[in-house]
Amino acid sequence: KARPVPVLGLDYAVVYGPHHKQASIDHSLRQLVINDSPPSQNASSDQIQVRAKRIERLLRPLALQTFTELANLLKLRTPLPAFSLHLSSAKSRWGSCNKNNQIRLNWRLVFYPRPIIEYVVAHELAHLLEMNRSPAFWGVVKQLKPDFQPAHQFLAGMHPEKVPIL
């Protein structure tokens, strides 16, 4: 049996069914439905990679939707300039913000509970006003997410390449 995949901090079972028309996420049953046969017990690394890519394709739209919703909620807490939000697959960063106000968030954040994601979104939104990590920057982070410290501590030792293996 396939190990569960964390989605927004909750374990989702991976369910295979070649009879399904398309892959989908069933939040009520906490299932990732893959429209294919399950990999064999002694699956090759290529087969495991194919499974991981299928799950990634399924989770990326959820990641973008979740990150966008959080950004839209957080930006109500303090005036921010216009920005665009994009997904990344960075190996060593959870997010980035450039001088063109483009925010990139690592899609793998979708594995973590909402407070963790909210912190990274708040962190990158704060860079729209302060392109550094000065006390003023941390003041903006605190305006956007007053209880950011536990999430900051949690992610301090984590790197995107250490996220759950699909």
Search result, residues across the range 124-166 that are at pLDDT 95 or above, open to solvent by less than 50 Å² (accessible area, probe 1.4 Å), closer than 24 Å to Glu69 by Cβ and part of a helix (DSSP H, G or I)
Glu124, Leu125, Ala126, Phe137, Val140, Val141, Leu144, Ala151
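Here's the yes/no breakdown for (1) more than 21 Å from Lys142 (Cα to Cα); (2) at pLDDT below 95; (3) touching a His at 6+ places or on another chain (Cβ under 8 Å):
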| residue | (1), (2), (3) |
| --- | --- |
| Leu87 | yes, no, no |
| Leu105 | no, no, yes |
| Arg108 | yes, yes, no |
| Tyr119 | no, no, yes |
| Ala122 | no, no, no |
Scan the range 86-111 residue by residue and report those that are in contact with a Ser or Thr (Cβ under 6 Å, 6 or more places away or on another chain) and open to solvent by less than 50 Å² (accessible area, probe 1.4 Å).
Asn106
Would you mind stating whether Leu62 is more than 30 Å from Phe137 (Cβ to Cβ), at pLDDT 95 or above and not small (Gly, Ala, Ser)?
no
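For the range 155-164, check the following and say yes or no: at least one residue is closer than 22 Å to Ser24 by Cα and in contact with a Phe, Trp or Tyr (Cβ under 9 Å, 6 or more places away or on another chain).
Restricting attention to the range 155-164, the residues satisfying the condition of being closer than 22 Å to Ser24 by Cα are 163-164.
In the following step, the residues that additionally are in contact with a Phe, Trp or Tyr (Cβ under 9 Å, 6 or more places away or on another chain) were identified as 163-164.
The answer is yes; a qualifying residue exists.
The values are calculated or read from the model by the stated rules, or taken from the named source; none is laboratory data. None of these values were measured; they are calculated from a predicted model. With ideal geometry, Cβ positions are generated from the backbone for all residues, glycine too; neighbour counts draw on all protein chains shown. Just the protein is used for accessible areas: all its heavy atoms, side chains included, with ligands, DNA and RNA removed. Shrake-Rupley method; radii C 1.70, N 1.55, O 1.52, S 1.80 Å.
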